[in-house]
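Let me begin by presenting the structure, written as structure tokens, before commenting on it.
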Amino acid sequence: MALSGMRGLSVFISDIRNCQNKEQERLRVDKELGNIRTRFKNEKGLTPYEKKKYVWKMLYIYMLGYDVDFGHMEAVSLISAPKYPEKQVGYIVTSSLLNENHDFLRLAINTVRNDIIGRNETFQCLALTMVGNIGGREFAESLAPDVQKLLISSSCRPLVRKKAALCLLRLYRKNPDVVNVDGWSDRMAQLLDERDLGVLTSCMSLLVALVSNNHEAYWSCVPKCVKTLERLARNQDIPQEYTYYGIPSPWLQVKTMRALQYYPTIEDPNTRRSLFEVLQRILMGTDVVKNVNKNNASHAVLFEALALVMHLDAEKEMMSQCVALLGKFIAVREPNIRYLGLENMTRMLMVTDVHDIIKRHQAQIITSLKDPDISIRRRALDLLYGMCDVSNAKDIVEELLQYLSTADFAMREELSLKAAILAEKFFPDLSWYVDVILQLIDKAGDFVSDDIWFRVVQFVTNNEDLQQRPREYLDKPAIHETMVKVSAYLLGEYSHLLARRPGCSPKEIFSVIHEKLPTVSTTTIPILLSTYAKILMHTQPPDPELQKHVWAIFSKYESCIDVEIQQRAIEYFALSRKGAALMDILAEMPKFPERQSALIKKAEVAEVDTAEQSAIKLRAQQHMSNALVVTDQQPSNGTPQSVGQLSLVKIPSMSGDEHTSAVQELSQANGTLATVDPQSPSADLLGDLLGPLAIEGPPGAAVQFEPNAVSGLEGVPIPADDAAAIVPVGKEANSVQVCSLLYCYCLFSPGNLEVKT
């Protein structure tokens with residue numbers, strides 16, 4: 001725009017630039033706005049030159065960030081000026097100051113339409129530009145037919161047709177009804193024969209919008225798109241002004257391949273063969289060079305080609321070539337290229353035949369976890385999570401655990417959750433799984449959700465054949481509060497199995513656990529109280545000194561302000577005086593029935609990016625989850641099952657509304673379900689004790705209560721959607737090993753507890 005003749009505007013801009021501070025600038029702007037408002041009140045005395053000058057000043061003030069709430073009518077009135085300078089000012093300022101819902105725009109619709117259908121190409125371009133910038137449904141309904149005529153007109157210059165295509169695209173986004181599908185399918189195919197690349201690029205943008213809503217109506221455009229790609233790939237008849245660093249119109253290539261991705265498949269063999277030849281040429285001709293601009297353009301084309309290859313489900317050879325190319329990219333030093341390589345390799349996980357090829361780059365992907373750029377680290381974590389299966393789960397999880405110690409706090413929660421999910425889905429044996437979860441708690445206890453340690457409790461409870469872990473791992477200098485919860489619960493259940501080991505008498509185990517009581521939060525104290533009651537129950541014959549100490553603790557918490565702690569203390573104190581009756585009420589908890597794992601369910605429903613979500617779904621289809629449940633139910637004839645037999649059971653829901661409900665659980669005698677009569681006093685007492693944690697059987701189970709088979713789940717709030725636990729057939733005595741492990745955690749860490757607040 002030529003502003004050299006407007007001395008007043010130049011002086012005003014100079015004054016603004018010479019202001020020393022914001023206050024001076026605001027005073028100068030207020031003075032000028034007052035002057036403009038005064039002059040506009042006497043509009044009859046304004047010459048076209050003065051009106052144009054003041055409107056330019058208004059635009060400049062608006063660009064500085066100040067509100068301009070007057071003069072809009074003057075700007076709109078300039079649109080109808082017969083001369084180009086005034087009309088240009090009117091269109092530019094109106095496009096900047098007004099939005100699509102402004103009332104003054106209705107006054108300009110007729111003028112804009114006259115400029116569009118007129119013969120002055122400059123006025124046509126100004127009008128199309130303003131309509132494309134503002135849009136609006138009223139503009140779409142009134143001007144769309146005229147814009148379409150300009151686009152398909154053979155007498156208009158390419159510049160006008162290009163602007164018409166982009167203008168129609170904006171109107172279509174505002175109101176899709178402006179484009180009649182029946183009439184535009186053939187016209188769109190004809191527009192793709194355009195030789196001018198500027199018009200063709202604009203029309204391709206319009207095609208992307210059209211096929212995204214209804215690709216069925218535009219099948220005739222597919223061969224034209226493939227021919228366009230062939231022309232660009234072979235660099236045929238490409239003007240120099242559309243060649244960017246030696247790459248023929250990369251923007252048009254990207255848009256064309258994006259449009260093809262909206263079609264489900266390409267049936268015509270000739271068209272499909274021609275397209276794959278073009279894609280092969282793109283894959284073979286792309287490499288990393290020193291010129292950043294050329295890299296950006298070539299990689300934009302390449303990654304769009306990769307997306308199209310995956311969409312068309314190409315042959316395995318081409319897929320392998322894509323993975324090999326991405327493997328080169330994730331090894332370069334440029335962070336942007338590495339990020340794109342990791343992101344697109346994650347998308348490649350949707351292809352079933354290339355997983356083994358992606359695994360070859362596992363070492364380089366793990367190296368990316370240590371990259372200084374957190375976005376690259378997140379992409380590497382997503383890729384490792386998606387490519388994990390039974391064959392490489394152990395290596396990947398161990399790398400994630402090693403990285404956990406140095407990972408950013410922003411990533412630790414996600415990292416812990418994904419490591420736990422992978423360990424549960426693909427564990428080689430239960431001993432390794434429990435060891436992984438304990439390491440997670442040890443290294444990132446603050447970021448380990450309750451769902452994770454609930455799973456450890458379920459696995460240990462349902463499995464009696466866990467092997468002893470290495471002794472040296474137990475000598476850790478610190479123990480997190482989550483580890484206190486796990487240790488207290490399991491030692492309460494199975495400490496009597498450790499009684500014959502040195503240093504594992506009930507009194508010594510109680511002492512080690514009780515040392516943690518002053519340092520834990522109120523959410524952990526109820527679990528410790530349950531542990532004390534269990535230890536007291538397992539101590540046979542009763543130890544008067546231990547009994548006296550435990551009773552003193554219960555008496556102390558009988559007046560606690562926390563309702564849960566107070567109720568447990570009162571009820572445990574009353575139960576502990578019942579003698580032999582305590583054995584029936586606080587017997588070992590039964591096996592947990594199975595539901596879908598809460599961790600795996602969280603992974604399935606979590607909001608993740610499209611590539612990762614696709615990878616998860618694909619892995620779920622390819623590999624059956626290991627999170628099965630092996631129950632130790634025996635046939636009715638009493639013959640035990642073989643170890644190799646598997647059967648699925650379900651974990652029922654546990655809601656707080658069932659605080660006083662009857663307890664339904666597995667009978668240890670014959671594997672059948674037992675229902676406690678709700679009218680029985682002992683059942684009421686047990687229901688009050690266990691509250692919402694009572695285990696209920698499947699609805700409609702017709703079973704009979706056996707008093708000696710009742711076992712409670714004290715202290716561990718198991719969520720309703722928690723997962724399956726694996727229960728190999730065997731004896732419970734081997735749970736001693738886990739209890740020993742947890743006991744040593746407590747024993748070797750008497751004064752280094754990290755309190756979780």
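Report, in debye and to the nearest 20, how large the dipole of region 117-189 comes out about its Cα centre when Lys and Arg carry +1 and Asp and Glu carry -1 on their Cβ.
It comes to approximately 320 debye.
As I understand it, the dipole of region 302-377 uses +1 on the Cβ of Lys and Arg and -1 on the Cβ of Asp and Glu, about the Cα centre. Which of His355, Ile374, Gly341 lies farthest toward its positive end?
Farthest towards the positive end: Ile374.
Could you work out the relative contact order of region 1-93? I mean the mean sequence separation of Cα pairs under 8 Å and 6+ apart, divided by the number of residues, in percent.
Relative contact order comes out at 22 percent.
Can you give me the relative contact order of region 372-466 as a percent, contacts being Cα pairs under 8 Å and 6 or more apart?
Computed value for region 372-466: 28 percent relative contact order.
Please work out the average accessible area per residue across region 96-230, using the 1.4 Å probe convention, and give it in Å².
Per residue, region 96-230 has 44 Å² of solvent-accessible surface.
Tell me, what HN-Hα J-couplings in whole Hz come from the Karplus equation 6.51 cos²θ - 1.76 cosθ + 1.60 at θ = phi - 60° for each residue of region 95-105, using x for Gly and Pro?
Going residue by residue, I get 4, 8, 8, 10, 9, 5, 9, 6, 5, 5, 5 Hz, with x marking Gly and Pro.
About the Cα centre of region 506-562, what is the dipole size in debye to 20, counting +1 per Lys and Arg Cβ and -1 per Asp and Glu Cβ, all else neutral?
Its charge dipole is roughly 40 debye.
On the full set of protein chains, 1.4 Å probe, figure out the accessible area of Asp196 and give it in Å² to the nearest 10.
50 Å²
Setting aside same-chain residues fewer than 8 positions from Lys534, which lysines have a Cα under 16 Å from its Cα?
Result set, ordered by chain and number: Lys485, Lys507, Lys548, Lys578.
Go through Lys224/Lys316; Lys31/Lys53; Lys516/Lys591; Lys227/Lys255; Lys227/Lys294 and tell me which ones have a Cα-Cα distance over 18 Å in this structure.
Beyond 18 Å between Cα atoms: Lys224/Lys316; Lys516/Lys591; Lys227/Lys294.
Over region 34-147, what is the relative contact order in percent, taking alpha-carbon pairs closer than 8 angstrom and at least six residues apart?
Worked out over region 34-147, it gives 20 percent.
Of all the accessible heavy-atom surface of region 501-577, with the other protein chains kept in place and a 1.4 Å probe, what percent is carbon and sulfur?
60 percent
Treating cross-link reach as a plain straight distance, find the lysines whose alpha-carbon is under 20 Å from the alpha-carbon of Lys394, omitting any fewer than eight places away in the same chain.
Excluding near neighbours in sequence, the set is Lys359, Lys370, Lys418, Lys425, Lys443.
Enter the accessible area of Lys255 (Å², nearest 10), with the probe set to 1.4 Å and all protein chains included.
Approximately 70 Å² for this residue.
Along the charge dipole of region 17-148, which of Val68, Leu128, Leu105 sits closest to the positive end, that is, farthest toward it, with unit charges on the beta carbon of Lys, Arg, Asp and Glu (+1, +1, -1, -1)?
Among Val68, Leu128, Leu105, the one farthest towards the positive end of the dipole of region 17-148 is Val68.
Would you pull out the residues with amide H under 5 Å of Thr243's amide H, same chain only if 5 or more places away, H placed 1.01 Å from N?
Ser249
Express the carbon and sulfur contribution to the solvent-accessible surface of region 61-207 as a percent, rounded to the nearest whole number, probe 1.4 angstrom.
The C+S portion of the solvent-accessible surface of region 61-207 is 46 percent.
Quick one: dipole size for region 302-451, taken about the Cα centre, charges +1 on Lys/Arg Cβ and -1 on Asp/Glu Cβ, in debye to the nearest 20.
Roughly 500 debye, rounded to the nearest 20.
Going by the alpha-carbon gyration tensor, a ≥ b ≥ c the square roots of its eigenvalues, is region 295-410 rounded (a/c under 1.5) or, if a/c is not under 1.5, prolate (a/b greater than b/c) versus oblate?
oblate
Applying 1/(1 + (r/R0)^6) with R0 = 56 Å to the Cβ-Cβ distance of Glu334 and Asn21, what FRET efficiency is obtained, to the nearest 0.05?
Step by step, r from the Cβ atoms, then E = 0.85.
The values are calculated or read from the model by the stated rules, or taken from the named source; none is laboratory data. If you're wondering where the values come from, they're calculated on a predicted model, not measured in any experiment. Neighbour counts run over all protein chains shown; Cβ positions are idealised from the backbone, glycine included. To get the accessible areas, we keep the full protein, side chains included, count just its heavy atoms, and leave off ligands, DNA and RNA. Shrake-Rupley method; radii C 1.70, N 1.55, O 1.52, S 1.80 Å.
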